[in-house]
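Only one structure is covered here, and it is reproduced in the block below.
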Amino acid sequence: MDEQKCGALVVGAGPTGLTMALELARHGLRPRIVDQAPQASRTSKALGVHARTMEYFERVGLAERAMAEGRKLHGGSIYSQHQRIVHLNFDQLESRYNFILILPQSDTEKLLAEKLAEFGVSVEHNLELIGFQQQAADVEATLRHADGREETLRAAWLIGCDGAHSRVRRELEMPFHGRAFEETFSLADVRLEANLPDDEMSVFLSSGDIVALFPMPGERRFRII
């Protein structure tokens with residue numbers, strides 16, 4: 001079994017893990033970032049990038065690239081019985097980024113990964129954390145490669161960014177607070193010919209049901225929920 005050392009091991013290469021690894025690299029600590037998925041996500045998933053995140057993107061040199069690839073939403077409307085009952089205006093946000101940027105999560109992750117690569121750090125896919133132990137001066141983590149080979153890694157820090165089903169949190173017996181409740185919904189990213197604004201979200205209420213539409217980058221593309 002191989003044994004390696006690093007300053008920090010980041011588990012999970014979603015937006016949180018990528019941002020964590022980027023901040024470590026920016027401050028001089030070379031991390032390793034691993035993810036058990038075979039490749040980076042190719043689906044849109046979460047869409048909304050908010051003002052404070054855009055301010056962070058500005059600090060790390062990603063704001064212009066994000067805006068070039070995304071779509072700015074300046075407001076939103078809620079309709080009921082064929083009438084608009086609420087209008088939201090994001091232009092009043094106290095930020096130079098007074099909008100919601102619609103950018104598919106796969107694109108956000110790509111931008112973060114490319115910036116991280118500028119520091120010589122890349123995501124290691126097909127690499128799963130299967131266990132770890134706290135030692136006197138560091139953490140001993142065991143990683144499993146896709147071919148079954150196991151690797152022992154000693155890291156000063158182990159940072160769990162591996163989502164709601166976090167292996168890190170489970171191993172530490174840390175509870176996930178909150179309540180589960182049943183919900184049923186459908187969503188799709190579609191090309192839609194409709195008389196809807198392309199810089200606002202639109203929400204329609206009808207007898208307890210709801211349909212929400214979010215303009216996406218590209219011509220007449222919408223997320224329907």
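The values are calculated or read from the model by the stated rules, or taken from the named source; none is laboratory data. Quick caveat: nothing in here was measured; it's all calculated off a predicted structure. Every residue, glycine as well, gets a Cβ built from its backbone with ideal geometry; the counts of neighbours run over all protein chains shown. Calculation scope for accessible area: heavy atoms of the full protein, side chains included, ligands and nucleic acids excluded. Shrake-Rupley method; radii C 1.70, N 1.55, O 1.52, S 1.80 Å.
When only C-alpha pairs under 8 Å and at least 6 residues apart count, what is the relative contact order of the stretch 129-225, in percent? List each step's numbers first, then the result.
Details: 122 pairs, mean separation 16.2, N = 97.
It rounds to 17 percent for the stretch 129-225.
Between the stretch 142-196 and the stretch 70-125, the alpha-carbon centres lie 21 Å apart.
Entry note, the chain: relative contact order of 26 percent, from Cα contacts under 8 Å with a spacing of 6+ residues.
Can you pull the percent of the stretch 102-212's accessible area that's carbon plus sulfur, 1.4 Å probe, other chains left in place? Exposed carbon and sulfur together represent 51 percent of the surface.
Taking chymotrypsin sites (Phe, Trp or Tyr not before Pro) as candidate sites, keep only those in a DSSP loop with at most 15 other Cβ atoms within 10 Å, then name the longest stretch of the chain containing none of them.
For chymotrypsin sites (Phe, Trp or Tyr not before Pro) (loop position, at most 15 other Cβ atoms within 10 Å), the longest site-free span of the chain is 1-118.
Cβ-Cβ distance of S80 and R169, R₀ of 25 Å, FRET efficiency by 1/(1 + (r/R0)^6): the value works out to about 0.05. Under the combined filter of DSSP loop state and at most 16 neighbouring Cβ atoms within 10 Å, the stretch 47-82 retains none of its trypsin sites (Lys or Arg not before Pro). Straight Cα distances below 12 angstrom link K45 to the aspartates and glutamates D107, E109, D189, with same-chain residues fewer than 8 positions distant left out. Under 27 Å of direct C-alpha separation, and excluding same-chain neighbours fewer than eight residues apart, K5 reaches these lysines: K110, K115.
Once Cα extents along the principal axes in Å is worked out from the coordinates, which option in (i) 65, 40, 32; (ii) 44, 43, 33; (iii) 50, 40, 35 does it equal? Computed from the coordinates, Cα extents along the principal axes in Å corresponds to (i).
Per residue of the chain, the DSSP helices (runs of n ≥ 4 H) give a summed -39500 (n - 2.57) that works out to -6000 deg cm²/dmol at 222 nm. The accessible surface of the stretch 1-58, taken with every protein chain in place and a 1.4 Å probe, is 50 percent carbon and sulfur.
Residue separation times 0.36 nm, minus the C-alpha to C-alpha distance between E94 and S207: what's the value? Extending this stretch completely gives an extra 37.1 nm.
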